[in-house]
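A short worksheet on the structure shown next.
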Amino acid sequence: MRAYIIVLATLVYLLGTMLWTMAKKSRESGDAGIICILAFVAGTMLLAAYFRGNSSDAQFQTSRYLIYPQLMIACLIFLLFNKFRTKFWQRGYMVGLLLLMLPTYKHNYWFGELGFERTQMRATLLRYWHPHPDKAAQICREACDKGVYCIEDNR
């Protein structure tokens, strides 16, 4: 939870200082493309969270949404790196980022490994990953009879 607060605080700080600088200098920003990507990612994440939070049947997260946090962090890293223009600050920033990313990678690797184990256990123990297994079995039989897809051939 603290990591989310840190990322959001950094996001607010960077966007606030960039908007303040753009308003003072009234010139085009070279970071406008990254800011647009960041706004798209943040807007999509907020919209998805809002609809999933208000819908009981929208709990599944497709893989295309899993890249958004990484895109947000990459944009933040780029904006922070671009903010510190001297070599001293950039090198210090890169060392700090490396020290932060190593334990993060280790934790994410461990979490991903556990996710694969959970998926394997579900596939082993449950015939159909569906709230109504009997209905899922009927749909599978109908699809196979019509020649659409036979799940039993691919298990």
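Ranking Tyr149, Tyr93 from most to least accessible surface, computed with a 1.4 Å probe over the protein chains only, gives Tyr149, Tyr93. The helix-only estimate of mean residue ellipticity at 222 nm for the chain, built from DSSP H runs of length n ≥ 4 each weighted as -39500 (n - 2.57), is -26000 deg cm²/dmol after division by the residue total. Based on C-alpha pairs under 8 angstrom that are at least 6 apart in sequence, the chain has a relative contact order of 16 percent.
A 1.4 Å probe over all protein chains sorts Cys36, Cys144, Cys150, Cys75 by accessible area into Cys36, Cys144, Cys150, Cys75, starting with the largest. For the chain, lysine pairs with C-alpha atoms less than 25 angstrom apart, excluding pairs fewer than eight positions apart on the same chain, total 4. Across region 137-153, rounded Karplus estimates of 3J(HN,Hα) from the backbone phi angles (6.51 cos²θ - 1.76 cosθ + 1.60, θ = phi - 60°) give 5, 5, 4, 5, 5, 5, 5, 5, 5, 7, x, 6, 6, 10, 5, 5, 6 Hz, Gly and Pro being marked x.
Across Thr44, Thr124, the residue with the most accessible area heads the list, and the full order at a 1.4 Å probe is Thr124, Thr44.
A probe of 1.4 angstrom, applied to the heavy atoms of all protein chains, finds Ser55 with accessible area near 40 square angstrom.
The values are calculated or read from the model by the stated rules, or taken from the named source; none is laboratory data. Small disclaimer: the values here were computed from a predicted structure and weren't measured. For the accessible areas, the whole protein counts, side chains as well, though only heavy atoms, and no ligand, DNA or RNA atoms are used. Shrake-Rupley method; radii C 1.70, N 1.55, O 1.52, S 1.80 Å.
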